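Values quoted throughout were computed directly from the atomic coordinates according to the rules given, and no laboratory measurement underlies them. Note that this is a predicted model, so its numbers are computed, not measured. All Cβ positions, glycine included, derive from the backbone under ideal geometry; neighbour counts span all protein chains shown.
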Amino acid sequence: MAEEQDEKAKLPLAGIFALISMISGVFIYQQMSLQTSRPINKDTASHIFSAKGTVQSRLWQDPFKAVEAHQLSEKQKPEMSGQKAGVPYPLPDLIQVIAESGISSGLRVIPVFVDGSPYSSGAESRLNDRYAVVSALGAAGYVPESGEYIRFFEWTPQNMTTGMVRLAVPVELFIPKLKMQNEQNRPRVLVLWLKDQDFSQAPLQSLNELLAEFSNALKTGAPHVSLAFSVLGPRFSTSLSAM
């Protein structure tokens, strides 16, 4: 009887060890299969995008986080940025890109005010707002310039009471879908992502300053492009009251 009990006790243990061995083998195989033979060189990819004046960012990413990561990378490796001293991405450079994109009709600029808080709730709110804007433009017949990158320019408001502050403004260019490009009065759309907190001191005055500067830069760099604005925001009622 004792021998039978010993055999019965050994059988479950043997099965457990066999199961563990099988699971370990599958896990190791999956880890090996996920490793690519041609790993991506992040520094090379960052240099390529920097040379184009763009920032790597997927459609489900926070545009401000993407720009901040890009700026931090350039500060750590200035020899790879290839940028001049001073303002790396001024507004006239963005206008030049728009002028060279072959745009022949109008351009509608849409400043969108979002929550600029550094907390997780602010990042989640920005993602929701971006998804809503991209979805709405898609329903209107527009597609992003690229699903891999966005652009940005740096702007210094003149009426900030705290002194000269350089703001990074992410932008996304949307173009009409192929079946709608031949339609008349089908302008391209440029979305400007703005943090509501950056405009809280004098929101209306700062917004007017930004739009006036954009209009003047477009008249200089692309005078043949007609311009229109549509503002979404502000994000909070305090900014609306200040306006």
Arranged from highest to lowest average of other beta-carbon atoms within 10 Å per residue, in what order do the peptides 141-148, 170-177, 236-243 appear?
-> 170-177, 141-148, 236-243
Among 92-101, 128-137, how do they line up from the highest to the lowest mean number of other beta-carbon atoms within 10 Å?
-> 92-101, 128-137
Order these peptides, 197-206, 216-225, by their mean beta-carbon neighbour count within 10 angstrom, highest first.
-> 197-206, 216-225
Distance between modelled label sites at Ala69 and Met243, nm, 7 Å Cα→Cβ extension = 3.1 nm
